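What follows is a single structure, written as structure tokens, with notes after it.
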Amino acid sequence: KVGFHFIGPYSKSNLTSTIPDGKNKLISFFKNQPNVFLYGKIESNKIPYFLKKMDVLLLCYLVAKYPKQLENSHKLMEYFGSGRVVLASYTEEYKNNSELLVMVDDNFKMEEKLKKIIDNLSYYNSKNLEYKRISFALDNTYKKQLEKIESILKNTIY
């Protein structure tokens, strides 16, 4: 009942590193699953359209191996901007903000959390939580961050 949609290059990318086309076991496995959809690279201006159509957005990193992967993730801001619920690997930055995303401290708990979210989609994708996620993303655009930096610099210099 659950479909997994992957957007982004899969022939040579962060998913496949240096493995030649057709030789990546993970991609081969995905291609043979009836509920997995690989879209490949999509123009960046079309990604928000896809994100808004999803029920749950996943962000799964090997946190134990690469602990800094999720620090200030730009992907999270893009996901928040869609308003959809996000299930993510643990990141210290959002540990106290369960309204923005659902995190797991161990990736082996992803399946359990995903089931909980799917069973309660009306809550996790409620208009109230959607609004909070979008508002957070809008409050943290590059432009807003530059304005904050400019303000700090002005106060420091003068």
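Right, residue 41: among the basic types (Lys, Arg), under 20 Å from residue 3 (Cα atoms), surrounded by 11 or more Cβ atoms within 10 Å (Cβ to Cβ) and at pLDDT below 90 or not?
yes
Look at residue 136 and say whether it is under 15 Å from the mean Cα position of the chain (by Cα), closer than 23 Å to residue 44 by Cβ, of a type in the set (A, V, I, L, M, F, W, C) and open to solvent by 30 Å² or more (accessible area, probe 1.4 Å).
The answer is yes for residue 136.
Before we move on, is residue 124 under 28 Å from residue 4 (Cα atoms) and in contact (Cβ under 8 Å) with a residue 60 or more places away in the chain?
yes
Determine the pairs where a residue that is surrounded by 14 or more Cβ atoms within 10 Å (Cβ to Cβ), located within the range 48-72, has a partner that is polar (S, T, N, Q) and modelled with pLDDT under 65 with Cβ atoms under 7 Å apart, the partner being 6 or more residues away or on another chain.
61/69; 63/69
The values are calculated or read from the model by the stated rules, or taken from the named source; none is laboratory data. Keep in mind the model is a prediction, meaning the values are calculated, not measured. As a convention, Cβ positions derive from the backbone with ideal geometry for all residues, glycine included, and neighbour counts pool all protein chains shown. Ligands, DNA and RNA are stripped out before the accessible areas are found, and what is left, the full protein with its side chains, is counted by its heavy atoms. Shrake-Rupley method; radii C 1.70, N 1.55, O 1.52, S 1.80 Å.
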